[in-house]
1. Go through segment 82-113 and give me each residue that's among the hydroxyl-bearing types (Ser, Thr, Tyr) and free of Cβ contacts under 8 Å to residues at least 24 places away in the same chain.
2. When you scan segment 576-601, how many residues do you find that are loosely packed, with under 13 Cβ neighbours inside 10 Å and of a type in the set (Ser, Thr, Tyr)?
3. Provide a single number: the residues in segment 485-521 that are of a type in the set (A, V, I, L, M), without any contact (Cβ under 8 Å) to a residue 40 or more places away in the chain and closer than 10 Å to Ile553 by Cα.
4. On the basis of being crowded, with 21+ Cβ neighbours inside 10 Å, in contact (Cβ under 8 Å) with a residue 12 or more places away in the chain, on the phi > 0 side of the Ramachandran plot and in contact with a Gly (Cβ under 8 Å, 6 or more places away or on another chain), does Gly428 make the cut?
5. Starting from residues that are in contact (Cβ under 8 Å) with a residue 60 or more places away in the chain and farther than 30 Å from Phe618 by Cα, keep the ones in segment 543-582 and report whichever is farthest from the chain's Cα centre (by Cα).
6. Just to verify a result, which residue in segment 255-279, among those that are among the β-branched types (Val, Ile, Thr) and surrounded by 23 or more Cβ atoms within 10 Å (Cβ to Cβ), is nearest to the chain's Cα centre (by Cα)?
7. For residues that are more than 17 Å from Pro227 (Cα to Cα) and either free of Cβ contacts under 8 Å to residues at least 12 places away in the same chain or hydrophobic (A, V, I, L, M, F, W, C) (or both), tally how many sit in segment 445-464.
Amino acid sequence: MLKTRQDLQELRRACQEAFAAQERRILVCTGTGCASSGSLDIYDRLVELMKEKGIACSVELSKDPHGDEIRATKGGCPGFCEFGPLVRIEPQGWLYTKVKLSDCEEIIDETIVNGNPIQRLAYQRDGKIYVEKSAIPFYQKQRRLVLEHCGEIDSDSIEEYLGVGGYSALEKALFDMQPADIVKEIMDSNLRGRGGGGFSAGTKWSQVARQQATPKYIVCNGDEGDPGAFMDRSVMEDDPHRMLEGMIIAGIACGANDGYIYVRAEYPMAVKKLRRAIEQAEALGLLGDDILGSGFSFHMHINRGAGAFVCGEGSALTASIEGKRGMPRVKPPRTVEHGLFDKPTVLNNVETFANVSSIILNGADWYKGIGPEKSPGTKAFALTGNVVNTGLIEVPMGTTLREVIFDIGGGIRGGKKFKAVQIGGPSGGCLTEEHLDLPLDFDSLKKVGAIIGSGGLVVMDEDTCMVEVARFFMHFTQNESCGKCVPCREGTKRMLEILERIVNGEGREGDIELLEELADTITNTALCGLGKTAAGPVVSTLKYFRDEYEAHIFEKRCPAGACQRLKTYVIDPDKCMGCSKCARNCPVEAISGKLKSPFSIDVDKCIRCGVCVQNCAFGAVKEA
């Protein structure tokens with residue numbers, strides 16, 4: 001148990017020396033993505049092989065390291081998810097991709113014993129082999145601040161977090177700053193909430209700090225519900241102490257002694273890592289009563305949500321923590337005045353709190369030097385969809401979509417043409433080729449009717465049907481509506497019904513105008529942010545891809561060829577061998593003909609199931 005500031009400094013110094021001394025390391029990514037592909041077994045096998053071969057190996061940070069000892073680390077996610085499982089060799093910085101259990105012995109013999117890189121396990125692009133991680137284009141334009149420790153340290157070890165300078169910002173906030181100084185530093189940095197709204201974190205903290213009511217609470221929103229988003233999960237799993245440190249500092253600044261972390265139940269690894277991190281911090285005296293003899297106390301609690309998307313909204317989230325049904329309430333009053341247990345509450349998301357320690361240590365001016373003045377800092381994005389390099393990235397605010405998709409993401413998969421990117425999840429909208437040079441920051445996106453949201457980026461190629469994209473997100477939003485207000489409960493249901501009719505080939509004149517009318521009504525009258533932004537994907541796809549809606553409705557045709565019910569199948573008489581296999585397998589007897597003569601399809605009977613295509617051995621059945 002650390003009793004004083006000096007105790008912390010001495011322990012940190014010892015951890016830093018031990019961390020620096022262990023230059024030789026094997027870091028195996030054990031983030032959720034790599035773990036699901038077998039990286040934990042790979043880690044165990046590498047350790048087993050080193051022991052069998054008499055190679056000195058440690059699995060924990062050693063306070064008395066030997067010169068030739070190799071540290072085997074269960075590292076967090078370095079973000080290169082498309083190519084996991086990942087294994088990195090230090091100090092060379094070599095990164096091995098798509099590692100299999102069968103590769104482990106070669107890694108030990110060729111790399112650890114002989115000191116040679118394995119070319120076939122390195123990342124390759126355009127015929128070039130990238131052995132070193134730092135040289136891979138995926139990382140070239142990134143600037144990892146929030147994610148700087150992900151993949152670099154063992155997330156289960158508070159000693160390793162201290163070894164990279166962890167809890168230095170907490171020490172500074174406790175002993176070298178007044179609460180008002182902390183609030184001013186966050187205010188001056190212009191840190192904006194990374195949960196989607198982009199509201200000034202410093203303003204929120206100052207509003208809670210000046211409230212007279214007690215107790216006050218610090219709440220972290222870890223209920224990351226957007227489809228395709230996994231930024232907050234990575235921080236909670238791979239660098240939990242960074243987030244905890246930010247929350248404690250917020251508690252000092254605002255006069256709060258309790259913090260609540262709201263994590264969705266679908267993140268079991270994040271819950272496990274957070275619990276372990278809290279226990280470790282409590283054991284060292286960095287959480288609990290009278291932290292480091294400063295007189296300040298702070299206790300941390302974890303609440304598991306049931307996966308309701310609406311609980312990402314502040315009042316619904318706090319209601320859920322209180323044991324009530326997660327439903328938003330009318331505002332004002334707002335959370336800063338009457339939040340958790342009807343008391344003043346700071347509510348920020350994981351990434352926002354993870355920025356705090358860097359700002360406190362380096363100052364507001366340093367932070368404002370990254371990215372545009374009104375949206376400084378970096379932003380983590382989950383890059384998914386039809387892009388070559390999917391994964392978790394972090395770039396300075398103001399980086400363009402073109403840089404993200406084509407430089408970092410490696411372009412569109414299969415050499416196909418870029419069509420659009422859905423940004424901001426179900427609450428966001430689609431951006432097109434004309435927006436590729438648009439800076440990714442709060443204000444630039446707002447001008448074109450889009451939002452950063454929590455940071456999901458779903459890239460779509462030329463084969464994507466934009467009407468189906470709108471239907472997918474509307475289905476998600478309608479399913480997640482809490483039902484409290486009529487505009488969201490009934491309006492999204494009506495919009496979904498129209499979209500489903502359109503993609504099923506049953507669209508009719510007036511549907512587009514009705515969608516626009518419903519979107520306007522819901523946006524202007526819904527109770528909470530979920531309803532107010534629910535129509536975003538529909539509005540943006542109507543704006544940029546109206547011709548696709550019209551083709552579905554008036555021509556009964558899907559330009560992308562993606563909507564099954566709008567496909568028309570024909571049989572090429574020159575290729576048909578008259579075997580009758582397509583007719584024999586058609587479930588509605590829509591195919592007729594004579595053996596050894598070309599068969600034909602009755603388009604009125606055809607249900608577009610595609611069974612005929614699957615059963616034709618000669619490629620005679622095709623889409624018209």
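1. Here is the first cut: in segment 82-113, the ones among the hydroxyl-bearing types (Ser, Thr, Tyr) are 96-97, 102, 111.
Selection gives Ser102, Thr111.
2. Filtering segment 576-601 for residues loosely packed, with under 13 Cβ neighbours inside 10 Å gives 584, 587-589, 594-597.
Within this subset, residues satisfying the condition of being of a type in the set (Ser, Thr, Tyr) are 597.
Of the residues in segment 576-601, 1 are loosely packed, with under 13 Cβ neighbours inside 10 Å and of a type in the set (Ser, Thr, Tyr).
3. Filtering segment 485-521 for residues of a type in the set (A, V, I, L, M) gives 486, 495-496, 498-499, 502-503, 512, 514-515, 518-519.
Those left that are additionally without any contact (Cβ under 8 Å) to a residue 40 or more places away in the chain: 486, 496, 498-499, 514-515, 518-519.
With the extra rule that they be closer than 10 Å to Ile553 by Cα, the set shrinks to none.
Count: 0.
4. Working: crowded, with 21+ Cβ neighbours inside 10 Å: yes; in contact (Cβ under 8 Å) with a residue 12 or more places away in the chain: yes; on the phi > 0 side of the Ramachandran plot: no; in contact with a Gly (Cβ under 8 Å, 6 or more places away or on another chain): yes.
No, not satisfied.
5. Residues of segment 543-582 that are in contact (Cβ under 8 Å) with a residue 60 or more places away in the chain, as a first pass: 543-545, 548-549, 552, 558-563, 565-566.
Of the ones still in play, those that are also farther than 30 Å from Phe618 by Cα are 543-545, 548-549, 552.
Working: Lys543: 27, Tyr544: 26, Phe545: 27, Glu548: 29, Tyr549: 30, His552: 32 Å.
Looking at the filtered set, the residue picked out is His552.
6. Kept after step one, since they are among the β-branched types (Val, Ile, Thr), are these residues of segment 255-279: 261, 263, 271, 278.
Imposing the further condition that a residue be surrounded by 23 or more Cβ atoms within 10 Å (Cβ to Cβ) reduces the set to 261, 263.
Values: Ile261: 18, Val263: 14 Å.
Here the residue is Val263.
7. Of the residues in segment 445-464, 4 are more than 17 Å from Pro227 (Cα to Cα) and either free of Cβ contacts under 8 Å to residues at least 12 places away in the same chain or hydrophobic (A, V, I, L, M, F, W, C) (or both).
Per-residue answers, yes or no, for (1) hydroxyl-bearing (Ser, Thr, Tyr); (2) modelled with pLDDT under 95; (3) loosely packed, with under 15 Cβ neighbours inside 10 Å; (4) touching a strand residue (DSSP E or B) at 6+ places or on another chain (Cβ under 8 Å):
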{"site": "Thr521", "(1), (2), (3), (4)": "yes, no, yes, no"}
{"site": "Cys528", "(1), (2), (3), (4)": "no, yes, no, no"}
{"site": "Ala534", "(1), (2), (3), (4)": "no, yes, no, no"}
{"site": "Ser540", "(1), (2), (3), (4)": "yes, yes, no, yes"}
{"site": "Glu555", "(1), (2), (3), (4)": "no, yes, yes, no"}
{"site": "Pro559", "(1), (2), (3), (4)": "no, yes, no, no"}
{"site": "Tyr569", "(1), (2), (3), (4)": "yes, yes, no, yes"}
{"site": "Asp574", "(1), (2), (3), (4)": "no, yes, yes, no"}
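The values are calculated or read from the model by the stated rules, or taken from the named source; none is laboratory data. Computed from a prediction, not measured in an experiment: that's the story for all the values here. All Cβ positions, even for glycine, are placed from backbone atoms using ideal geometry, and neighbour counts span all protein chains on display.
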